[in-house]
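Only one structure is covered here, and it is reproduced in the block below.
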Amino acid sequence: MTDKPKVGVYVCHCGINISATVDVETVADYALKLPNVEVARTYSYMCSDPGQVLIKNDIKEHGLNRIIVASCSPRMHEPTFRKAIQEAGLNPYYLEMANIREQCSWVHEDMEEATAKSKKLVASAVAKVRLLEALESKEVDAEPAALIIGAGIAGIQAALDIADAGFKVFLVEKTPSVGGRMAQLDKTFPTLDCSACILTPKMVDCASHPNIELLSYSEVEEIGGYIGNFDVKVRKKARYVDFDKCTGCGDCAAECRVKDRFPSEFDQGMGKRSAIYLPFPQAVPAKYTIDPESCLYLTRGKCGKGPKCQEVCKAEAINFEQEDEIVEFKVGAVIVATGFDPFDASRKPEYGYNDYPNVITGMEMERLVSASGPTGGKVKVFNGEEEIEPKEVAFIKCVGSRDASVGNEYCSRVCCMYVAKQAHLIRDKIPDANIRVYYIDVRAFGKGFEEFYDRVRRENVRYIRGNPSEIFKRGNKLVVKVEDTLTATPLEDEVDLVVLGVGLEPRADMREIMDLLRLSQSPDRFFLEAHPKLRPVDTATEGVFLAGCCQGPKDIPDTVAQAKGAASSAMIPLARGKVMISAQVAEVDEATCRGCGFCVNICPYTAIELVKINRFGHEVEVARVNEALCKGCGSCSAGCLSDSIQPKSFRDRQILPQIAALGVLK
Amino acid sequence: MSENYEPNIVAFLCNWCSYAGADLAGTSRVHYPANIQVIRVMCSGRVNPLYVMNALQQGADGVLISGCHPGDCHYMEGNFYARRRMGMLKDLMEFVGVDPKRFHMSWVSASEGHKWKEVVEKTVEEAREAGPFEGFRRRQIDW
């Protein structure tokens, strides 16, 4: 650094967000007395255009070469101000931010204390900024392909958008078929579109699209690399059926020795399937799969005189020798669209879901009313003695949502409307049924929702405000014990069928994806987006995006909208063909490195290797950093015995002065 | 110890979890003591144990290091290094006679704004109990 540091300090009022608790003028006056500070100003909104112009003009007029913005969190506006000073001709890394909003004015009440703390934070920033170095960001090529994990409606929509734009898509689905939860639904609210009718064409499209490689019955095993250059390893699980030979005729399932013995996942366990199965008639790809956990031959090594499926398959597609296959490829962006799990109703034992066959969940109700469901669309329930058409039907809302006792404080957003829709469908199928809905609140917030809710109420569906406390059996009826809280009347309603309006929960297996991609969870345990309002599809990991219910409960239109958003964000690096990689990487001082290799072992990204160099006529080994692989975490530096390896912008000589500055004003 | 003694705490937070968690505490307007000043690092694994000693030399009465929950590190294993290093440092500090109440390590995720408040309150409270620290003070270094 040849030029003397000339520091400009800009203290933001942020309207009154900061200035109500921090005396910004005092902070600026104080900053002016700090070493190397030439200019210190305050402004109402530093991030606004005039605020940025103020900084740019000062850089030009006063020849400032280091800038401090004391405002919000650097996680919020660091990129904004980096860009601003770059436009004024300064290296973008000559910026330091003092977080006097999120970590000061918003969390402290006493003005004197908050002002004193702001001064310290500014002093600490000044101490560091003087010693920052100019860094150059590098560009690397981005692979023009995307990986999408999960092929429900979110994954399918994102895949189609990206593929239509001309990029390669790898669509990975864990189960044998694409379609996800939406394929299980009967009708969709509030328009009563048939779910399968609008979904299946998209399912077929994504299987036949020339740019989409569909990897069904597969799981992502490893993801390495970084934005633009992710290395992906996918395990294609053995189907024990030759994918190319299977014609999907279904002879095998019909002849299976354990035919229709296992609960069908697709029918929520209400229907049965064979050990060799197609999850549902419209499944895509229409290829059969042998479930290794239920197949006689695979579990016991013996199936009669020989596996029946193998005997009847004319295409000779059955292959018990098949093994899992590992597929490896490179992509530039990743979209996570892994969806949700319905709330497990047995966690509310007072509703007797495990005890009574005529207490069912909303998901089961979908299959029950579906023409392709286990009963062919007839609403029939077993009440413990006989199969009946229920004449007294009760719906209970907010089961597993807005309920701190099960750890779910959030609203699941879809239950109000799917319960209204199911009430309507029951009214349709059983016109003389007596239908009640127990609710806490009705949240009909979407387009056409309120109108639909009104219509259902006019169809003689009674809405009773009250949260049932218990369900028990009396004779062959179920009794719902509840207080109507609008009239303060305790009720004991006798019904034939109870439908639990279960909410949406984060998937039980989300941990696998979190570990693969280093994602975080928000307080509701769904995946955390980069910013709740302005970056709702991004994650903290660059190049990784979220779509659908894995980020939080959503209905189908919102899921599709987010999937399209994620697709367009993911296409930015793909379309540009290049990505910027962070300049804040580690650097080795080859003059002092002793080549011990500690850092090589520490680095989780294998970004450091030992190389031989000539030092003053002697051949020695020193560490060298691969800048494309280094993420700048700095773990190597804290482990270095000679302080030779240092992450740029977070060097010892930049952090130690920060520490010293925090101690001065005691 | 005077009645109105306020300890001076320096905290090192990782960018991805704890710093974001502290930001969330701000966005949620939870209030906590102003004694704590934060230095942002990319990963808790970046924190050299010497920084802790240095902070105590330079005027801090207590030091806090906070990172992602074990297993959740944005850089896969940085917080494991931090945990191992700081465990050793803590033993060493006890050995040389520094009250272990001056040194804290915590795991605060990006969604745990309220936990951050609890961590700060505990850190400040224990540092207050330990009293002003003069053990290794040395002249302030002009960097």
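Here are the numbers for this structure:
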| read-out | value |
| --- | --- |
| A:Arg75 closer than 27 Å to A:Trp106 by Cα, of a type in the set (Lys, Arg) and modelled with pLDDT under 95 | yes |
| Filter result for A:Ala444 (within 20 Å of A:Asp193 (Cα to Cα), open to solvent by less than 40 Å² (accessible area, probe 1.4 Å), in a loop (DSSP other than H, G, I, E, B) and among the small types (Gly, Ala, Ser)) | yes |
| Residue in the stretch A:38-48 that is part of a helix (DSSP H, G or I) and buried (at least 23 other Cβ atoms within 10 Å of the Cβ) present | no |
| Answer residue from the stretch A:619-666, given it is in a strand (DSSP E or B) and acidic (Asp, Glu) and is farthest from the other protein chains (Cβ to nearest Cβ) among those | A:Glu619 |
| Only listed residue being open to solvent by 80 Å² or more (accessible area, probe 1.4 Å), in contact (Cβ under 8 Å) with a residue 40 or more places away in the chain, within 14 Å of chain B (Cβ to nearest Cβ) and not aliphatic (A, V, I, L, M), chosen from A:Glu451, A:Glu409 | A:Glu409 |
| A:Phe472 being open to solvent by 10 Å² or more (accessible area, probe 1.4 Å), at pLDDT below 95, assigned by TED's automatic domain parsing to the domain that holds A:Glu364 and not acidic (Asp, Glu) | no |
| For A:Glu542: the one exception among (1) within 13 Å of chain B (Cβ to nearest Cβ); (2) part of a loop (DSSP other than H, G, I, E, B); (3) more than 18 Å from A:Gly228 (Cα to Cα); (4) open to solvent by 40 Å² or more (accessible area, probe 1.4 Å) | (3) |
| Filter result for B:Arg102 (among the basic types (Lys, Arg), crowded, with 23+ Cβ neighbours inside 10 Å and out of contact with any Cys (no Cβ under 9 Å at 6 or more places or on another chain)) | yes |
| Cross-chain or 6+ apart pairs with Cβ under 7 Å, the stretch B:22-35 first and more than 7 Å from chain A (Cβ to nearest Cβ), then buried (at least 19 other Cβ atoms within 10 Å of the Cβ) and not in a loop (DSSP other than H, G, I, E, B) | B:Leu24/B:Gly113; B:Ser28/B:Gly113; B:Pro33/B:Val120; B:Pro33/B:Val124; B:Asn35/B:Ile9; B:Asn35/B:Val124 |
| Among residues of the stretch A:295-316, those that are more than 38 Å from the chain's Cα centre (by Cα) and not in a helix (DSSP H, G or I), counted | 11 |
| Count - residues of the stretch A:480-497 that are under 14 Å from A:Val359 (Cβ atoms) and small (Gly, Ala, Ser) | 0 |
| Some residue of the stretch B:7-20 being surrounded by fewer than 24 Cβ atoms within 10 Å (Cβ to Cβ), under 23 Å from A:Thr115 (Cα atoms), within 7 Å of another protein chain (Cβ to nearest Cβ) and among the β-branched types (Val, Ile, Thr) | no |
| From A:Arg402, A:Arg455, residue being closer than 30 Å to A:Ser522 by Cβ, charged (D, E, K, R) and at pLDDT 95 or above | A:Arg402 |
| Any hit, the stretch B:25-40, residues being of a type in the set (Ser, Thr, Tyr), part of a helix (DSSP H, G or I), open to solvent by 10 Å² or more (accessible area, probe 1.4 Å) and more than 15 Å from B:Arg85 (Cβ to Cβ) | yes |
| Test: residue in the stretch B:114-131 that is buried (at least 16 other Cβ atoms within 10 Å of the Cβ) and assigned to a loop (DSSP other than H, G, I, E, B) | no |
| Which listed residue is more than 24 Å from A:Thr200 (Cα to Cα) and part of a loop (DSSP other than H, G, I, E, B), from A:Pro285, A:Pro292, A:Pro279 | A:Pro292 |
| Those residues of the stretch B:66-89 which are of a type outside the set (Ser, Thr, Tyr), open to solvent by less than 10 Å² (accessible area, probe 1.4 Å) and touching a Ser or Thr at 6+ places or on another chain (Cβ under 6 Å), in sequence order | B:Gly67, B:Gly78, B:Asn79, B:Ala82 |
| Near pairs, Cβ below 8 angstrom, 6+ apart or cross-chain, from the stretch A:513-532 (more than 7 Å from chain B (Cβ to nearest Cβ)) to any residue that is part of a strand (DSSP E or B) and charged (D, E, K, R) | A:Leu516/A:Glu222; A:Arg525/A:Glu505; A:Glu529/A:Arg535; A:Glu529/A:Asp538; A:Ala530/A:Asp538; A:His531/A:Asp538 |
| Among (1) under 27 Å from B:Met42 (Cα atoms); (2) of a type outside the set (Val, Ile, Thr); (3) more than 14 Å from chain B (Cβ to nearest Cβ) - the single one A:Asp555 does not satisfy | (1) |
| A:Gly503, sole failed condition from (1) out of contact with any Asp or Glu (no Cβ under 9 Å at 6 or more places or on another chain); (2) small (Gly, Ala, Ser); (3) open to solvent by less than 40 Å² (accessible area, probe 1.4 Å) | (1) |
| Of all residues in the stretch A:305-342 being surrounded by fewer than 22 Cβ atoms within 10 Å (Cβ to Cβ) and polar (S, T, N, Q), the one that is nearest to A:Glu529 (Cα to Cα) | A:Gln322 |
| Unique residue being within 28 Å of A:Ile602 (Cα to Cα), more than 10 Å from chain A (Cβ to nearest Cβ) and either open to solvent by less than 10 Å² (accessible area, probe 1.4 Å) or touching a residue at least 24 places away in the same chain (Cβ under 8 Å) (or both) when the list is B:Val108, B:Val47 | B:Val108 |
| Matching residues in the stretch A:475-486 - criterion: being modelled with pLDDT of 95 or more and outside any strand (DSSP E or B) | A:Thr485, A:Leu486 |
| Given (1) assigned by TED's automatic domain parsing to the domain that holds A:Phe167; (2) touching a Pro at 6+ places or on another chain (Cβ under 9 Å), number of the condition A:Ser568 does not satisfy | (2) |
| Flag if A:Ile572 is in a helix (DSSP H, G or I) and farther than 17 Å from A:Gly155 by Cβ | yes |
| Residues of the stretch A:103-114 satisfying the condition of being open to solvent by less than 10 Å² (accessible area, probe 1.4 Å) and either in a helix (DSSP H, G or I) or touching a Ser or Thr at 6+ places or on another chain (Cβ under 7 Å) (or both) | A:Gln103, A:Cys104, A:Ser105, A:His108, A:Ala114 |
| Which numbered condition A:Gln654 fails, given (1) open to solvent by less than 10 Å² (accessible area, probe 1.4 Å); (2) within 25 Å of A:Leu517 (Cβ to Cβ) | (2) |
| Test for A:Glu143: is it modelled with pLDDT under 95 and either open to solvent by 30 Å² or more (accessible area, probe 1.4 Å) or not in a loop (DSSP other than H, G, I, E, B) (or both) | no |
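The values are calculated or read from the model by the stated rules, or taken from the named source; none is laboratory data. Remember, predicted model here, so these are calculated numbers, not experimental data. With ideal geometry, Cβ positions are generated from the backbone for all residues, glycine too; neighbour counts draw on all protein chains shown. We work out accessible area using only protein heavy atoms, side chains counted, and drop any ligands, DNA or RNA first. Shrake-Rupley method; radii C 1.70, N 1.55, O 1.52, S 1.80 Å.
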